[in-house]
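Some notes on the structure that comes next.
Coordinate-derived values only; no laboratory data. Because the structure is a prediction, the values reported are computed rather than measured. Cβ sites come from the backbone with ideal geometry, for glycine too, and all protein chains shown count toward neighbours.
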């Protein structure tokens, strides 16, 4: 109030004058001994030293009263520098995205007062700043989504400031698990209809619903990581896997610091070698229409071979039956005498 009412008392009736220095700020006639009050002329912001005199019915003017110091303060400065406290910022401190639903908001004031934090017209919390400087308020629980916050301060003179500049805080308390884990075609050395491969460090792909850091696991062992800059596809080259069956899964940690549950598992089988054939042997018996024999069995002759063999035998028999004519005189021959 810039025109304050000043009160006092006098021991007798008279005219009371209120002064600031030599400047009269107001006057009143006290009809009798007792209390009086004067509404001062408008005073500027700041400190004012006031006093009063009284002139009685005989024309005597008193000395000045003991001084009264009044400070006029008609406004409060707006709170400044609203921020999300580092301890309430679960993700990167470069943003105001967090999974803390009741975050601590900080700021500063230029004088003592009662600070109130608002979302729109709803008060989320209050604190008394004992002096100029920093203050902090733990906000009431906020739902997932963006929240536009502001603050006011009411000083000791009862002045309430204008609303501060807004601070937008986004609450994000969950993230969807990666989906669609698959063995990429380039890492599938056999049929793409299965997940059997001889690639020991296969590339695994999948998708995420929002940006984040994806980690590929076998059980509790991390096999690789990649940062997805946005929602969509990702791929990771796994650490070298031994021969056998491997059950793989993935998680994603978003910008607010939320880590998803594990994805649906993907089973990949690594097979890097084929066994050499053993125990090669020539089988006994028929293969198709041909007769197979061992080295110790006498082969059976064909009909043509049998006929040829019989003819050879006849010729041999006929030749062996020719008479021996050596030294035997042939009929009609004579010996010379």
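Computed quantities for the displayed model
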| quantity | calculated |
| --- | --- |
| Pair residue 144, residue 92: separation of 7 Å Cα→Cβ label points (nm) | 2.2 |
| Among 64-71, 273-280, the order from most to least packed when residues are scored by Cβ within 10 Å on average | 64-71, 273-280 |
| Mean projected area in nm² (Cα convex hull; one quarter of hull surface) for the stretch 98-221 | 11.7 |
| Cubic angstrom per residue, convex hull over Cα atoms of the stretch 80-171 | 82 |
| Exposure proxy order (Cβ contacts within 10 Å, fewest to most) of 199, 252 | 199, 252 |
| Mean shadow area of the stretch 5-72, taken as a quarter of the surface of its Cα convex hull (nm²) | 4.2 |
| Ranked list, fewest to most other Cβ atoms within 10 Å of each Cβ, for 268, 163 | 163, 268 |
| In range of the label at residue 11: residues from the stretch 49-93 whose backbone nitrogen is under 19 Å from the point 7 Å along Cα→Cβ | 52-67 |
| Residue 81-residue 29 FRET efficiency (beta carbon distance; Förster radius 35 Å; 0.05 resolution) | 0.05 |
| Sites residue 237 and residue 275, calculated FRET efficiency, Cβ-Cβ separation with R0 30 Å, nearest 0.05 | 0.55 |
| C-alpha center-to-center spacing [the stretch 115-136, the stretch 241-282] in angstrom | 55 |
| Efficiency of FRET between residue 20 and residue 156 - r from beta-carbon atoms, R0 22 angstrom, step 0.05 | 0.50 |
| Long-range Cα-Cα pairs in the stretch 179-270 (distance over 15 Å), rounded percent | 55 |
| For the stretch 42-81 versus the stretch 140-185, the gap between their alpha-carbon centres in whole angstrom | 47 |
